[in-house]
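Chemist: Provided herewith is a single structure, encoded as structure tokens, for subsequent inquiry.
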Amino acid sequence: MDGNRTIWIEKYRPRKLEEMVGQKDIVARLQSYVKTGDLPHLLFTGSAGVGKTTAAVALARELFGDAWQTNFREMNASDERGIDVVRNQIKQFARTSPLAGASFKVLFLDEADALTPDAQAALRRTMETYAQTCRFILSCNYSSKIIDPIQSRCAIYRFGPLDREAVVEEIRRIAAHEGLTVTDGALDAIVYIAQGDMRKAINALQGAAILNPTIDETMIYEITATARPEEIGELLDRSIGGEFNEAEQLLGELLHDRGIAPNELINQCYRALIQRDMDRTLKVKLIDALGEVDFRLSEGASSDIQMKALIAQFVLAAQKGA
Amino acid sequence: MDWAEKYRPRHLQDIVGNAAAVRQMYEWAKTWSRRSRPLVLYGKPGIGKTSSAYALARDMRWEVVELNASDQRTKPVLERIAGSSSTTASLSGATRKLVLLDEADNLHAHADRGGARAIVDIIAESRQPIILIANDYYRLAKEIRAVTEPVQFRALQVRSIVPRLRQICAEEGISCTGGVLEEIAEAASGDLRAAINMLYAASIGKDRLTGEDVHTVRKDERSTIFELIAAVFKGRSDGDLLRMAYEVDDTPDAIEQWIEGNLHHMPDFASRARGYDYVSRADEYVGRTYRRQYYTLWRYANAIALLGAADAAGGHGVRGRIQPPARWGMMSSSKRQKAIRTGLLRKLSQSTHIPQNTLREEFFTLIGLLVEQDPKRFVKELQLDADELNLFLHDRTSAARVVREAAREERAAATAEKKSRKKPAKSAADPPEKRREEERSERPSSQATLF
């Protein structure tokens with residue numbers, strides 16, 4: 001099991017654009033940039049684990065071939081977010097000539113929305129002044145956190161969350177390489193846990209593979225400390241149905257016997273509530289109760305008390321609503 | 001080479017739109033003398049401010065020395081670079097050097113310490129023309145605004161952007177299906193550079209451009225916030241609303257403000273009140289998010305604002321137009337009003353020796369009445385600008401006119417004074433009106449006359 005000694009999200013990170021799953025339209029545009037050797041400044045937006053970094057690195061590999069590491073630099077803006085980074089490090093990289101016959105270099109600035117507005121302001125002219133020698137790829141979760149003058153200088157690509165097919169395809173590819181057997185139930189579980197985030201999917205798979213090369217859904221839920229969607233459904237059914245004692249008992253099992261973190265349980269309840277077909281007024285009330293508990297937990301309140309009180313709130317709200 | 005750079009206009013006549021601004025710049029340059037005030041070009045990104053400055057320099061055969069926010073701009077740095085170029089003659093034989101201070105509204109409080117003061121000093125000492133560029137005029141230090149001349153650049157119309165895009169397509173040999181360029185121009189919301197960048201990004205490696213290519217590279221999805229608000233009032237499904245909110249790519253505080261700004265579309269007051277209740281609760285989550293730096297809470301803000309408002313609206317839909325939150329406009333204009341008021345109170349306080357608070361609370365009405373009696377006199381004595389005078393007159397046009405007239409009269413008075421100093425013997429023969437003006441301009445300060 002040599003493969004288990006490295007982190008799979010690195011081991012299986014696509015080296016080429018064509019190997020990427022999902023984001024077909026974006027990949028096609030990036031490939032034509034490679035073909036012509038022409039690259040605008042880019043702004044990648046989207047949530048975690050949807051391929052922004054992978055696309056940037058693969059693009060650089062294809063543009064520069066063997067010399068990609070000398071002409072490509074990756075920086076994370078959330079590590080160093082002040083104006084000095086832009087005025088010193090970024091400018092330093094941008095102004096020096098590309099190597100090995102490349103016509104420009106590429107600077108990938110991850111989490112660019114973490115840059116302070118001042119730093120972003122300093123970045124905008126740097127992008128223009130050194131456009132001859134350096135192209136910028138910025139990535140962020142929300143493009144609205146990037147100042148307008150930078151958006152104005154970039155082609156913006158929105159990376160959507162990965163769909164079920166994309167996650168399944170990638171998991172199957174890795175499983176084949178590693179000689180794993182993954183049941184259909186396990187695939188469903190991985191898709192549920194991932195929520196469109198490939199990193200979560202691959203981490204769950206690798207975690208389970210360490211235990212056993214044959215992977216079923218129980219292992220996936222266990223290794224990720226997640227409740228099954230059916231269990232969450234039952235928890236909601238019972239509390240909305242007014243059965244406090246039964247709901248409380250199930251809550252105890254999930255929290256204590258299964259070791260699921262209260263935050264994770266809240267996350268799952270939130271997802272289930274959003275999708276649940278029910279009276280809207282009541283739904284908003286329950287979401288609010290959930291949010292209140294989430295907030296109190298973040299303030300350091302005791303999870304045991306808060307979670308039980310939450311169930312009680314659910315029961316009460318449902319009774320009033322009905 | 002990217003097209004925004006490749007197709008950057010070289011001459012003033014190539015600048016797209018903003019004819020009035022361009023004309024103002026050209027007049028300024030043609031008549032430039034050491035006494036001319038520097039220009040401040042201001043307006044949204046990507047509408048030609050920097051390009052116009054460079055084009056002007058090229059048309060005038062001036063050299064350009066540029067400093068922008070990517071350079072450190074402390075006082076010593078500014079003085080070394082801009083100071084030397086603005087006081088010493090050019091070596092390369094160009095007649096003048098244009099000192100260009102880009103992003104002048106972005107002087108960094110710490111890294112650029114003393115920058116604003118240095119700019120004012122350089123303006124005072126310069127023997128060369130200076131242009132400052134800013135996105136937000138009212139973020140410029142007040143001292144800088146006081147010694148410069150504003151030139152406003154406006155966002156460009158779709159109908160001015162499209163021909164430019166068509167021209168670029170022709171030069172690049174790209175054919176477009178109908179409506180594609182219009183779509184790009186719309187999506188750019190007035191930003192020509194963004195439009196050109198979108199065109200570039202969509203057409204690399206292609207010789208035919210279709211709607212499909214454009215959809216992947218849009219500046220942003222601002223149009224969909226309207227769709228989201230419409231969907232909320234129409235009562236679309238919870239899943240749809242949250243998915244659209246995700247696509248809108250805006251933070252929950254912005255979405256919440258949009259909802260709040262459209263609550264008047266609710267069918268009756270009870271639903272409107274419920275709408276406010278939900279938005280207010282959502283707002284509480286936004287506050288908690290920022291206070292705790294715990295971004296998970298954002299989702300409750302979104303869910304409560306969107307699903308709650310949808311619930312309150314009960315599927316009645318929107319009556320009339322969906323509007324951007326009024327508060328955004330209000331915030332910037334009230335910030336501006338506040339800056340103007342503070343400046344005015346400072347001036348009044350200095351000349352009356354009354355604290356600003358007292359002035360505002362007890363004297364403002366009285367002074368207002370006095371100003372209405374003889375606005376020009378106050379303009380001259382207190383050096384009011386049009387914005388400040390408008391606080392009393394509530395009439396922009398006449399405020400501007402009074403300030404212009406006052407300036408003209410003061411210039412005339414100054415020239416007259418110079419003349420009379422040169423030939424003191426003759427002054428007794430001057431007409432009496434001029435004498436009076438001289439006397440007044442020689443009075444040491446204003447408080448004696450005004451208060």
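The values are calculated or read from the model by the stated rules, or taken from the named source; none is laboratory data. The shown structure was predicted, so the numbers you read here are calculated from the model rather than taken from an experiment. Here the Cβ positions follow ideal geometry from the backbone for every residue, glycine too, while neighbour counts run over all protein chains shown. Quick note on the areas: whole protein, heavy atoms, side chains included, nothing else; ligands and nucleic acids left out. Shrake-Rupley method; radii C 1.70, N 1.55, O 1.52, S 1.80 Å.
Chemist: B:PRO9 passes all but one of (1) touching a residue at least 40 places away in the same chain (Cβ under 8 Å); (2) of a type outside the set (Val, Ile, Thr); (3) within 30 Å of B:ALA201 (Cα to Cα); (4) assigned to a helix (DSSP H, G or I); which number fails?
Modeler: Exception for B:PRO9: condition (4).
Chemist: Determine, yes or no, whether B:ALA245 is of a type in the set (A, V, I, L, M), surrounded by fewer than 21 Cβ atoms within 10 Å (Cβ to Cβ) and modelled with pLDDT of 85 or more.
Modeler: So B:ALA245 fails the test.
Chemist: Next up: Among the residues of the range A:8-45, what is the count of those that are more than 8 Å from chain B (Cβ to nearest Cβ) and charged (D, E, K, R)?
Modeler: 8
Chemist: Here's a check for you: in the range A:296-312, which residue that is within 14 Å of chain B (Cβ to nearest Cβ) and either among the acidic types (Asp, Glu) or not in a loop (DSSP other than H, G, I, E, B) (or both) is surrounded by the fewest Cβ atoms within 10 Å (Cβ to Cβ)?
Modeler: Of everything passing the filter in the range A:296-312, A:GLU299 is surrounded by the fewest Cβ atoms within 10 Å (Cβ to Cβ).
Chemist: Considering only the range A:83-93, state which residues are open to solvent by 10 Å² or more (accessible area, probe 1.4 Å), farther than 21 Å from B:ASN135 by Cα and at the interface with another protein chain (Cβ under 9 Å from one of its Cβ atoms).
Modeler: Selection gives A:ASP84, A:LYS91.
Chemist: If you take the residues of the range B:248-260 that are assigned to a helix (DSSP H, G or I) and open to solvent by 20 Å² or more (accessible area, probe 1.4 Å), which of them is nearest to the other protein chains (Cβ to nearest Cβ)?
Modeler: So, considering only residues that are assigned to a helix (DSSP H, G or I) and open to solvent by 20 Å² or more (accessible area, probe 1.4 Å), the one nearest to the other protein chains (Cβ to nearest Cβ) is B:ASP253.
Chemist: Here's another thing I want to ask about it. For the range A:134-202, please list each of the helices (runs of 4 or more DSSP H) lying entirely inside it that holds at least 1 residues being more than 14 Å from chain B (Cβ to nearest Cβ), open to solvent by less than 20 Å² (accessible area, probe 1.4 Å) and not basic (Lys, Arg).
Modeler: So the answer is A:164-178, A:184-194.
Chemist: Follow-up question, since we're still on this one. Restricting the search to the range A:21-48, which residues are open to solvent by 10 Å² or more (accessible area, probe 1.4 Å) and in a loop (DSSP other than H, G, I, E, B)?
Modeler: If the condition is that a residue be open to solvent by 10 Å² or more (accessible area, probe 1.4 Å) and in a loop (DSSP other than H, G, I, E, B), then A:VAL21, A:GLY22, A:GLN23, A:GLY37, A:ASP38, A:HIS41, A:SER47, A:ALA48 are the ones that fit.
Conditions (1) within 30 Å of B:ALA339 (Cα to Cα); (2) modelled with pLDDT of 80 or more, marked per residue:
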residue: B:SER86; (1), (2): no, no
residue: B:LEU91; (1), (2): no, no
residue: B:ASP112; (1), (2): yes, no
residue: B:TYR137; (1), (2): yes, yes
residue: B:ARG159; (1), (2): no, yes
residue: B:ARG164; (1), (2): no, yes
residue: B:GLY178; (1), (2): no, no
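Chemist: Restrict the check to the range A:52-63 and report whether at least one residue is within 15 Å of B:ALA201 (Cα to Cα) and not in a loop (DSSP other than H, G, I, E, B).
Modeler: yes
Chemist: Take the residues in the range B:179-205 that are part of a helix (DSSP H, G or I) and small (Gly, Ala, Ser); name whichever of them is farthest from the other protein chains (Cβ to nearest Cβ).
Modeler: B:ALA185
Chemist: Looking at the range A:3-46 only, could you name the residues that are closer than 14 Å to A:ALA166 by Cβ and among the polar types (S, T, N, Q)?
Modeler: Of everything in the range A:3-46, just one residue is closer than 14 Å to A:ALA166 by Cβ and among the polar types (S, T, N, Q), namely A:GLN23.
Chemist: With the condition kept exactly as written, say whether any residue in the range B:381-391 is modelled with pLDDT under 80 and open to solvent by 100 Å² or more (accessible area, probe 1.4 Å).
Modeler: Within the range B:381-391 (the criterion being modelled with pLDDT under 80 and open to solvent by 100 Å² or more (accessible area, probe 1.4 Å)), the answer is no, since none of the residues qualifies.
Chemist: May I ask you to list pairs of residues, at least six apart or on different chains, whose Cβ atoms are under 9 Å apart, with the first in the range A:102-113 being on the phi > 0 side of the Ramachandran plot and the second being open to solvent by less than 10 Å² (accessible area, probe 1.4 Å) and not aliphatic (A, V, I, L, M)?
Modeler: Hits for this filter: A:GLU111/A:SER139; A:GLU111/A:CYS140.
Chemist: How many residues does the range B:237-250 hold that are within 15 Å of A:LYS283 (Cα to Cα) and touching a helix residue (DSSP H, G or I) at 6+ places or on another chain (Cβ under 8 Å)?
Modeler: The number of residues fulfilling the criteria is 4.
Chemist: Just one of the numbered conditions (1) buried (at least 17 other Cβ atoms within 10 Å of the Cβ); (2) modelled with pLDDT of 80 or more; (3) in contact with a Leu (Cβ under 6 Å, 6 or more places away or on another chain) is not true of B:GLU149; which one?
Modeler: Status for B:GLU149: all satisfied but (1).
Chemist: Kindly indicate the residue of the range A:94-118 that is within 10 Å of A:ALA77 (Cα to Cα) and assigned to a helix (DSSP H, G or I) and also nearest to the other protein chains (Cβ to nearest Cβ) among those meeting that condition.
Modeler: Ranking the candidates gives A:ASP113 first.
Chemist: For the range A:5-29, how many residues are under 16 Å from A:GLY49 (Cβ atoms) and in contact (Cβ under 8 Å) with a residue 40 or more places away in the chain?
Modeler: Of the residues in the range A:5-29, 10 are under 16 Å from A:GLY49 (Cβ atoms) and in contact (Cβ under 8 Å) with a residue 40 or more places away in the chain.
Chemist: Please go through the range A:119-133 and pick out each residue that is surrounded by fewer than 21 Cβ atoms within 10 Å (Cβ to Cβ) and more than 9 Å from every other protein chain (Cβ to nearest Cβ).
Modeler: Within the range A:119-133, A:THR133 is the sole residue that qualifies.
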